[in-house]
Structures are given as C-alpha cells and as structure tokens.
Amino acid sequence: MTTQSIKVTIKRGPDGQGAFDVPAHDNQTVLDVVSWVQQNADPTLSYRFACRVGMCGSCAMMVNGVPRWTCRTHISKVIKDGAVTIAPLRNLPVIKDLVVDMDPFFDKWVEAEGVHHGSLTRHDPIAPVDETSATRVEANAGIECINCSVCYAACDTVAGNPDYLGPAALQRAWTLLNDAKDEGRGAILDAVSGSGGCHNCHSIGSCTTYCPNDLDPMSAIAGLKRETTKSFFRRGR
C-alpha cells in the first residue's frame with residue numbers, strides 16, 4: 001500500500017459519524033483499521049469480532065456500502081482515493097455504533113421453521129442417509145451458513161419489506177426440506193409460502209453475490225418457490 005495513512009469514516013448509526021486518520025500497513029484488514037480506531041483514537045467505539053480468521057462472521061459490517069466480513073477484507077481491496085467508509089450492517093436495528101441487533105435476523109429463522117423437525121429419540125438407531133442423493137446434495141449446499149447476516153444486509157427485498165424472511169432463513173428452510181431426517185415438510189412449506197415468504201424474492205441475487213462462504217441462497221429460494229407452487233396445486237385438486 002503506497003498511502004501513508006487512510007482517511008476512515010465510521011458511520012455510528014443514529015449517533016452520526018466520526019472521521020479518523022489511520023496509519024496504513026501492509027496486509028491490513030478493515031477489522032485492523034476499526035480496532036486501531038478503538039484502541040488509539042476513540043475508546044468509546046463499539047463493534048463486534050471474535051475469531052479474526054473468517055470463521056464466525058461476527059465482524060460483518062458495511063464497507064463502502066457493501067456488506068463484508070471485515071477480518072477477511074483487506075484495505076487494499078476496498079480503499080478508494082485513500083479513503084474508506086465503514087458502517088453497521090444494513091436492514092438491522094443499530095444498538096450502538098457498528099453493533100446491530102441480530103434478534104430480527106434470528107427470529108426470521110424461527111418463522112421459516114428453520115429448526116430440525118425430528119421424531120426419533122436417542123434410543124432409536126441412526127437413520128441412514130444417502131449422501132449421493134439429489135436431495136442430500138441440495139441440503140449440503142447450504143449447510144455452511146454461519147448466520148453472519150451478510151446476505152440479509154445485502155437484500156433489497158428485506159430493505160423494502162421488513163416482514164420478508166430473508167435469504168438466510170429461507171436457505172435454511174430449503175436445507176431442511178431436503179434433509180431426509182427432517183419430518184417438517186408441511187410446516188416448512190406453510191411457513192415459507194406466507195406473506196413474508198419466498199415468493200417475495202425478486203431474484204436480484206445480491207445474497208449470492210456477497211455471501212462470504214460462496215453459498216447460493218438465490219437458488220435455494222428458487223427451489224422453495226417451485227416446491228410451494230407444487231404443494232399449492234396438489235392441495236387444490
């Protein structure tokens with residue numbers, strides 16, 4: 001990096017914003033920049049992080065208007081004219097500074113029936129799973145979601161419709177719908193076909209574009225659209 005310092009603007013939710021000159025270093029991440037500000041310029045700055053290696057997703061923020069994991073985002077990739085703007089994740093209430101309230105995001109998982117529906121007990125034999133089946137492949141495709149909410153922040157449908165369940169919750173519903181061990185098919189289809197369900201998706205694809213784990217929520221939502229439509233016509237017979 002050729003610049004000696006970085007002009008950093010940090011949006012602090014309803015409290016306004018702060019401007020800082022942060023020393024530039026090689027291999028510097030956005031999270032490094034935020035940490036420098038908190039440790040050296042403004043100890044009142046609040047933000048979240050944990051693992052720092054791209055495993056937990058808790059450091060997700062908006063960087064120049066794009067949702068990213070800040071621990072895996074190098075400043076050299078996002079800096080423009082020696083400056084960068086960092087803000088809290090979009091589409092979620094701001095608690096303080098760069099910290100957002102994740103409750104609405106996780107509440108959508110529950111609304112989408114994104115929990116395992118099982119009937120076996122610990123005393124029953126483990127049910128066999130065909131890892132090569134088409135449904136298992138679909139289930140595995142979204143299993144690495146770590147609930148970071150980047151897709152939720154990227155989604156314009158969520159921005160315009162707060163009742164929309166969102167990409168992560170719907171992808172989780174699709175995963176369970178294709179899980180041979182899950183017995184909640186009817187409940188899942190009912191949950192994702194309601195007023196805030198999968199048919200609100202406009203297939204813009206921001207969720208898939210910005211997913212740090214290279215998952216494809218848009219395709220999962222398309223699958224739910226197909227299955228809910230089939231279910232509707234079957235019931236109408």
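The values are calculated or read from the model by the stated rules, or taken from the named source; none is laboratory data. From a predicted model like this one, the values you see are computed outputs, not experimental measurements. Backbone-built Cβ (ideal geometry, glycine too); neighbour counts: all protein chains shown.
Here are the numbers for the structure shown:
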quantity: Residue match in segment 151-168 (condition: polar (S, T, N, Q), within 30 Å of ARG52 (Cβ to Cβ), out of contact with any strand residue (DSSP E or B) (no Cβ under 9 Å at 6 or more places or on another chain) and crowded, with 16+ Cβ neighbours inside 10 Å); calculated: no
quantity: Any hit, segment 110-125, residues being in the same structural domain as ALA168 (by TED's automatic domain parsing), in a helix (DSSP H, G or I) and either more than 25 Å from SER5 (Cα to Cα) or modelled with pLDDT of 95 or more (or both); calculated: yes
quantity: Neighbours by Cβ (under 6 Å, 6+ apart or cross-chain): first from segment 178-201, under 16 Å from ALA222 (Cα atoms) and assigned by TED's automatic domain parsing to the domain that holds GLU111; second buried (at least 20 other Cβ atoms within 10 Å of the Cβ) and of a type in the set (D, E, K, R); calculated: ILE188/GLU113; ALA191/GLU113
quantity: Search result, residues across segment 159-181 that are touching a helix residue (DSSP H, G or I) at 6+ places or on another chain (Cβ under 7 Å) and farther than 16 Å from LEU224 by Cβ; calculated: ASN161, ALA180
quantity: Residue that is nearest to VAL99 (Cα to Cα), among those in segment 33-81 that are assigned to a helix (DSSP H, G or I) and aliphatic (A, V, I, L, M); calculated: VAL34
quantity: Pick from segment 191-230, criterion of a type in the set (D, E, K, R) and more than 17 Å from the chain's Cα centre (by Cα), ranking: farthest from VAL53 (Cα to Cα); calculated: LYS230
quantity: Matching entry among ALA180, ALA191 (being at pLDDT 95 or above, on the phi < 0 side of the Ramachandran plot and of a type outside the set (Asp, Glu)); calculated: ALA191
quantity: The listed residue being surrounded by 16 or more Cβ atoms within 10 Å (Cβ to Cβ) and either under 14 Å from the mean Cα position of the chain (by Cα) or free of Cβ contacts under 8 Å to residues at least 40 places away in the same chain (or both), out of ARG172, ARG122; calculated: ARG172
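Let's see how each residue does on (1) of a type in the set (Gly, Ala, Ser); (2) crowded, with 19+ Cβ neighbours inside 10 Å; (3) modelled with pLDDT of 95 or more; (4) in contact with a Gly (Cβ under 9 Å, 6 or more places away or on another chain):
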{"residue": "LYS7", "(1), (2), (3), (4)": "no, no, yes, yes"}
{"residue": "ASP21", "(1), (2), (3), (4)": "no, no, yes, no"}
{"residue": "VAL34", "(1), (2), (3), (4)": "no, yes, yes, no"}
{"residue": "HIS74", "(1), (2), (3), (4)": "no, no, yes, no"}
{"residue": "ILE86", "(1), (2), (3), (4)": "no, yes, yes, no"}
